[in-house]
Amino acid sequence: MSKLKIAIQKSGRLNEKSVALLEECGLKFPNGGGKLITESSNFPVEILFLRDDDIPQYVEQNVAHIGIIGENVFLESQKQINIVEKLNFSGCRLSLAVPKETDYEGISFFNDKKVATSYPNILQNYFNENQIKATIEVISGSVEIAPGIGLADGICDIVSSGSTLLSNGLKEVEIVLKSQAVLVSSQNLDEEIQSILNKLLFRIRSVQKAKENKYILLNTQNNQLEKIIQILPGMNSPTILPLAKEGWSSLHSVISEEKFWEIIDELKEAGAEGILVVPIEKMIL
Ligand code: ATP
Ligand code: MG
């Protein structure tokens, strides 16, 4: 029987979360011990552990059927592969930065300047779109030191908190791209592989949905029920159960976590008590 081959990062910022996602999807497989290829004991997949930069090429050639990489690596690779799902982790941005004492007044600053980056394709496109003519110095790592040693006037690199920039005397001036981890797939999947992928995707989406949503329980006097139901942007009508205490009910519903923080005060004002918000492990739609 065929197996779906999944490429994930061997070590680095995407590794742990990629492994966790597959495990949350119920896949059991040996992890660690330095093996570069392993298979799941309970789902028809093989997992390849690779450097993230190599994954697009493996997927394009159908050596790996799918892979988990940052959108930044996907775009930079310019390979003929598809994004099938955004995964909502490892969010970061690719930004331009310049020495912090630079008088920066806008993107035209970069005309006739040198910019060091490991992302020449993305950066060249960005400069083209903004009609900037700059020289791109391609370096593969420690990009932040380039301005300090006179290699470049600025850099274009991955930023999350900005602390690495700061500690190297740089300031972020333009966001070139917002990135997150994505699931990419080959454009040449046969039917059997596609059907395994569909099963995995169904599980990934259930895990993702569960993370975005919370289960909410609260108590209220019956005469406030209508009002509280109006406040809850429920996906389904809520479950209402009578409490032992006369004239009171317990209301259960599913709510997006974001919305919960928006409406918590309204719920309290409307007389909700004993509010509990609990995580959902899987959500099957
Ligand atoms: P490899 O050895 O596999 O080539 P790498 O050093 O190129 O690894 P990492 O630093 O592990 O890559 O980053 C992998 C991906 O994680 C990046 O391409 C990006 O999408 C994301 N990422 C990078 N830096 C951060 C960060 N500071 N915060 C969040 N996500 C990040
Ligand atoms: Mg890499």
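The values are calculated or read from the model by the stated rules, or taken from the named source; none is laboratory data. Here the structure is a predicted model, which is why all the values come from computation and not from measurement. Note that each Cβ is placed from the backbone with ideal geometry, even for glycine, and that neighbours are counted across all protein chains shown.
Some points to look at:
- Screening the candidates Gly12, Gly67, Gly26 for the property of being in a loop (DSSP other than H, G, I, E, B), within 16 Å of ligand 2 (Cβ to nearest atom) and modelled with pLDDT of 95 or more yields one hit, Gly12.
- Scanning the range 146-165 for residues that are touching a residue at least 24 places away in the same chain (Cβ under 8 Å) and farther than 19 Å from Gly70 by Cβ yields Ala146, Pro147, Gly148, Leu151, Ala152, Asp153, Gly154.
- Of the criteria (1) more than 14 Å from ligand 1 (Cβ to nearest atom); (2) under 23 Å from Gln187 (Cα atoms); (3) surrounded by 18 or more Cβ atoms within 10 Å (Cβ to Cβ), which one Ser77 fails: (1)
- Answer residue from the range 187-198, given it is over 28 Å from Ile158 (Cβ atoms), in contact (Cβ under 8 Å) with a residue 60 or more places away in the chain and not β-branched (Val, Ile, Thr) and is surrounded by the most Cβ atoms within 10 Å (Cβ to Cβ) among those: Leu197
- Considering the range 70-105, the residues that are within 16 Å of ligand 2 (Cβ to nearest atom) and not hydrophobic (A, V, I, L, M, F, W, C) include one that is nearest to the chain's Cα centre (by Cα), namely Ser90.
- Residue in the range 52-60 that is surrounded by 14 or more Cβ atoms within 10 Å (Cβ to Cβ) and not in a helix (DSSP H, G or I) present: no
- Selected residue (only one of Ile280, Ile275 is under 26 Å from Ser206 (Cβ atoms), without any contact (Cβ under 8 Å) to a residue 60 or more places away in the chain and of a type in the set (A, V, I, L, M)): Ile275
- Residues of the range 29-46 that turn out to be modelled with pLDDT of 95 or more and either outside any loop (DSSP other than H, G, I, E, B) or within 23 Å of the chain's Cα centre (by Cα) (or both), as a count: 6
- The criterion of at least 2 residues that are touching a Leu at 6+ places or on another chain (Cβ under 6 Å) and modelled with pLDDT of 95 or more is met by the following helices (runs of 4 or more DSSP H) wholly inside the range 141-235: 191-212.
- Selection count where residues are exposed (fewer than 15 other Cβ atoms within 10 Å of the Cβ), within 16 Å of ligand 1 (Cβ to nearest atom) and among the β-branched types (Val, Ile, Thr), scope the range 146-186: 1
- Among the residues of the range 121-145, those that are surrounded by 16 or more Cβ atoms within 10 Å (Cβ to Cβ) and touching a residue at least 24 places away in the same chain (Cβ under 8 Å) comprise Ile122, Leu123, Tyr126, Ile132, Ala134, Val143, Glu144.
- Which numbered condition Pro30 fails, given (1) surrounded by fewer than 16 Cβ atoms within 10 Å (Cβ to Cβ); (2) closer than 26 Å to Ile284 by Cα; (3) of a type outside the set (Val, Ile, Thr); (4) touching a Ser or Thr at 6+ places or on another chain (Cβ under 6 Å): (2)
- Among the residues listed as Val184, Val207, the single one being within 16 Å of ligand 2 (Cβ to nearest atom), touching a residue at least 24 places away in the same chain (Cβ under 8 Å) and in contact with a helix residue (DSSP H, G or I) (Cβ under 8 Å, 6 or more places away or on another chain): Val184
- Members of the range 88-98 found to be more than 9 Å from ligand 1 (Cβ to nearest atom) and buried (at least 19 other Cβ atoms within 10 Å of the Cβ), listed by number: Ser95, Leu96, Ala97, Val98
- Of all residues in the range 236-248, those that are modelled with pLDDT under 90 and farther than 25 Å from Asn213 by Cβ total 0.
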